[in-house]
Amino acid sequence: MGNRRRVAERRKTRPAVLGGMIAVVVGGAGFGAYALFGGGAAAEDGTRSTSTAQQAKDVKSGPLTAAEVTDTARRFLTAWQKGEVSEAAAATDDPKAATALLKSYAEDARVEDVTLTPGTASGGKVPFAVKGTVTHEDLSEPLAYDSALTVVRRAGDGEPRVDWKASVVHPELKDGDKLVTGASGTPPVKALDRDGGELTTAKYPSLGSVLDGLREKYGKKAGGEAGVELRIVRGEASKKAELSDKTLVELSEGTPGTVKTTLNPALQAAAEEQVAKKKRASVVVLRPSTGEILAVANSSHGFNTAFQGSLAPGSTMKVITSSLLIEKGLASMDKQHPCPKYFSYGGWKFQNDDKFEIKNGTFKASFARSCNTAFISQAPELENDDLTKQAQEVFGLARNNWQIGVPSFDGAVPVQSAAPMAASLIGQGGVRMNPLNMASVAATVKSGVFRQPYLVSPDVDGRKLATASRTLSADTLAQLRELMAYTASAGTAAEAMAGVGGDSGAKTGSAEVDGQKKPNGWFTAYHGDLAAAGVVQAAGHGGSTAGPIVASLLKSGG
């Protein structure tokens, strides 16, 4: 590698190594070098002039002062930078966990020459910059990143302490994860799009977690050879959440194997461009006739919400609920159907957006306008597990058996009763989905059969794709397509779908979230042999937030 340096070539004059770390004096905005390493630090060494009995009486409370925040942060950062792990850990509210991770930072991550530069505190939060050198035998590479800590009052005595989380050490660490430098164990992969072009985060920023997932699953199967690198090794909790190990610094190149994906380069580029226009936006595009994933993008490039998100899908769930009601004879698109302002069930009072009602209207009109009470009113006629079975048996959801080629969440439709069961009919309650799931729902309606989405062909590794146990009747399917087509042309999706034309259908959704001023906006639709779904969190109604993103991708073709 052109930027590889030998340890021996690093500076010859170095301060003493303490606990695997290097003490380097650095000042920072809001602190200053003197405040960081002395001049007032004595009061923080644990010594108190008052007796133990008096301390027990003097439990600190109330908001933290600026001095408490800066002094606590200084104490922690000074000790960490010097390699004094015990002292740093004592400045946190969980010394045991802090000791383990800070010790691992030196011994397992092999980070030396650590420099910590604190920034200006904001409330209890203190940002800081980290610089160091990652070493392994005769290899070394620079390390630089930004992190932050938060000072809180410790339970019991109210003393200010750093609120310990693994993310203090590195922002991408989850509790239970650690940093390790060494032979990676898993060879790198060169991921290709469907046309043979290389997929990189430089070209497609959203694909970081996807590329990590491809490496974890196919690295040892694709014929590559491992290199030496600093990486995040996931703990049990992260593995349960299907988070992949992640490379942070490469000290020596491995030889990558090759993995071909189904991504369409033009659609992927368009998806990246679309989500970049919104905060917290995610989208997925599928091919209904095959299940191939053609594009996946998130405006936030950390967690892959598009594949792994677990969010209430709001009224986009009404596609599944409508198929259930039609099959059970509880609704028919051209028959009159109730849409009152309110409907109470299980002790909860449900209402429509802006408390509208449709008098003497059809189910088609209720679906197109997304009338909540039209669906809630049918709850008394349903069994508690009806919606769960419909989602599993027809749409292939909520069975935890999809194998798309990288980690994904397959949706959740738990069996519920009373009011939560009624809420699940409109995509609230305990129902959880992501854009991959809802794009699959639209694809199932378009093709008439569930085809498990996939990013890597099953032919690559012989894995078995998930299937549904039954399909909708021809009449139910025809009605469902008409409901979505009418919504796209004359309902809540009409503005977004204007200009898409032809063989199209759509459904909007807005999902209320506790503590959030605006709902999550959802949109799922199909056009020709494309199906897509998107969500924009905390942004408002789906027709005006996620709708334009999805519609633009359907228009672009692929």
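Any read-out appearing in this document is the output of simple, stated calculations on the displayed coordinates, not a laboratory observation. Just so you know, these numbers come straight off a predicted model, no measurement behind them. When we count neighbours, we look across all protein chains shown, and the Cβ atoms used for this are built from the backbone with ideal geometry, even at glycine.
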Subject >> Protection-proxy order for peptides 97-105, 119-127, 340-348, each taking the mean of Cβ atoms within 10 Å per residue, highest first >> reply: 97-105, 119-127, 340-348
**OP:** Output the peptides 235-242, 449-456 sorted from most to least packed, where packing is the average of other Cβ atoms within 10 Å over each peptide's residues.
**Re:** 449-456, 235-242
Subject >> Cα convex hull of region 83-199 - mean projected area over all directions, nm² >> reply: 10.3 nm²
**OP:** Between the alpha-carbon centers of region 519-534 and region 127-178, tell me the distance in whole angstrom.
**Re:** 39 Å
**OP:** With both partners inside region 189-261, how many of the DSSP beta bridges are antiparallel, as a percent to the nearest 5?
**Re:** 65 percent
Subject >> the chain: relative contact order in percent, alpha carbon pairs under 8 Å with at least 6 residues between >> reply: 11 percent
Subject >> Spherically averaged projected area of the chain from its Cα convex hull (nm²) >> reply: 29.2 nm²
Subject >> P(r) of region 297-434 over all Cα-Cα pairs, binned every 5 Å from zero, in whole percent >> reply: 2, 11, 19, 21, 18, 12, 9, 6, 2, 0
Original post:
Once the other residues with Cβ under 14 Å from the Cβ of G509 are scored (Lys, Arg +1; Asp, Glu -1), what is the net sum?
Top reply: +3
Original post:
Sorted by average packing, counted as other Cβ atoms within 10 angstrom per residue and highest first, what order do 457-469, 429-441, 185-197, 271-283 take?
Top reply: 429-441, 271-283, 185-197, 457-469
**OP:** Compute log10 of I(q)/I(0) for region 278-376 with the Debye formula, placing one identical point scatterer on every Cα and leaving out solvent, at q = 0.12, 0.14, 0.15 Å⁻¹, to two decimals.
**Re:** -0.57, -0.72, -0.79
Original post:
Using just the C-alpha positions of region 395-507 as equal point scatterers, what log10 of I(q)/I(0) does the Debye formula give at each q in 0.11, 0.15 1/Å?
Top reply: -0.45, -0.81
Subject >> Candidate lysines for bridging to K82, where Cα separation is under 25 Å - those fewer than 8 sequence places away on the same chain excluded >> reply: K12, K96, K103, K125, K131, K165, K174, K178
**OP:** Report Rg (one decimal) and Dmax (nearest whole number) for region 301-348, counting Cα atoms only, units Å.
**Re:** 16.0, 47
**OP:** Please state, rounded to one decimal and in Å, the Kirkwood hydrodynamic radius that region 420-464 gives when every pair of distinct Cα atoms enters the mean of 1/r.
**Re:** 12.6 Å
Original post:
Could you give the radius of gyration (one decimal) and Dmax (whole number) of the Cα atoms in region 266-556, in Å?
Top reply: 17.2, 56
Subject >> When each of K240/K389; K278/K517; K341/K389 is checked by Cα-Cα distance, pairs over 19 Å >> reply: K240/K389; K341/K389
Subject >> Rg/Rh (Cα only; Kirkwood hydrodynamic radius) as it applies to region 189-261 >> reply: 0.96
**OP:** Net charge near S469: determine it from the other residues with C-beta under 13 Å of the C-beta of S469, scoring Lys and Arg +1 and Asp and Glu -1.
**Re:** +2
Subject >> Computed [θ] at 222 nm, helices only, for the chain once each DSSP H run of length n ≥ 4 contributes -39500 (n - 2.57) >> reply: -8000 deg cm²/dmol
**OP:** Would you tally the net charge around P548, using a Cβ to Cβ cut-off of less than 14 Å, leaving P548 out, and scoring K and R as +1, D and E as -1?
**Re:** +1
Subject >> Ellipsoid equivalent to region 122-178 - semi-axes via the Cα gyration tensor, in Å >> reply: 29, 13, 9
Original post:
Taking 0.36 nm per residue of separation and subtracting the Cα-Cα distance, what length does fully extending D459 through A183 add?
Top reply: 96.4 nm
Original post:
Can you list the residues, at least 5 places off or on another chain, whose amide H is less than 5 Å from the amide H of L248, using H built in the peptide plane?
Top reply: L230, R231, I232
Subject >> Reachable lysines, given that their alpha-carbon falls under 20 Å from the alpha-carbon of K464 and they are not under 8 places away in the same chain >> reply: K217, K220, K221, K260
